[in-house]
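Notes follow once the structure below has been shown.
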Amino acid sequence: MVHPINWSLALPYYSIALVFGYLLGSIPFGVILTRLAGMADIRSVGSGNIGATNVLRTGNKALAAATLLGDALRSSEHLGAEPLRRDVLDLAQRARLVVAVEDPTEQAQAQDDKPAPFGLTSRELEVLRLIADGRSNGEIGDELFVSRKTASVHVSNILRKLGASNRIEAAAIARRHQL
């Protein structure tokens, strides 16, 4: 049986462990994420490793993806591989995983974002840009890690909000308004 974490007691210890782990380059993302999710110690499952593959054995794909991205981000920063770091952050954003942004220029850009026109959500803006690039629902789903049906729902919502009757008209509105 998994015992729930008493956060008032555990948070300072997790925070200290996270700082030391980051400084040493050895943050055990698999252990941290599974414990935060209230799961058993990941080291008692499958191979006993703390990596994404073993987290995936728990059946929680989102935690496995977050573990993998956390490991990739840590490695890219440790190696000083800025292009890889940007790609990992982009992938995390497209997968809708929360990643702390440490780059001050990225933080400033995030704060300068204006509300989307036509009442579109940030996700709908992503989909609209892909529509403007001529992508199909299946291609949009693959790009954004969602099902074809979810992509279709986003497209329908976008058409309704823009008052467009089809994808071509939506793409034209996006180009006209530089969305």
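Of note:
- Across region 25-66, the number of residues qualifying as small (Gly, Ala, Ser) and over 28 Å from residue 80 (Cα atoms) comes to 8.
- Breaking point among (1) in a helix (DSSP H, G or I); (2) surrounded by 14 or more Cβ atoms within 10 Å (Cβ to Cβ), for residue 135: (1)
- If the condition is being loosely packed, with under 13 Cβ neighbours inside 10 Å and either in contact with a Cys (Cβ under 9 Å, 6 or more places away or on another chain) or outside any loop (DSSP other than H, G, I, E, B) (or both), then region 31-68 contributes 44, 61.
- Flag if residue 150 is among the β-branched types (Val, Ile, Thr), touching a Gly at 6+ places or on another chain (Cβ under 8 Å), surrounded by fewer than 18 Cβ atoms within 10 Å (Cβ to Cβ) and modelled with pLDDT of 85 or more: yes
- Hits in region 124-147 (condition: modelled with pLDDT under 90 and among the hydrophobic types (A, V, I, L, M, F, W, C)): 144, 145, 146
The values are calculated or read from the model by the stated rules, or taken from the named source; none is laboratory data. All values derive from a computational prediction rather than experimental measurement. Because the Cβ atoms are built from the backbone with ideal geometry, glycine has one as well, and the counts that use them run over all protein chains shown.
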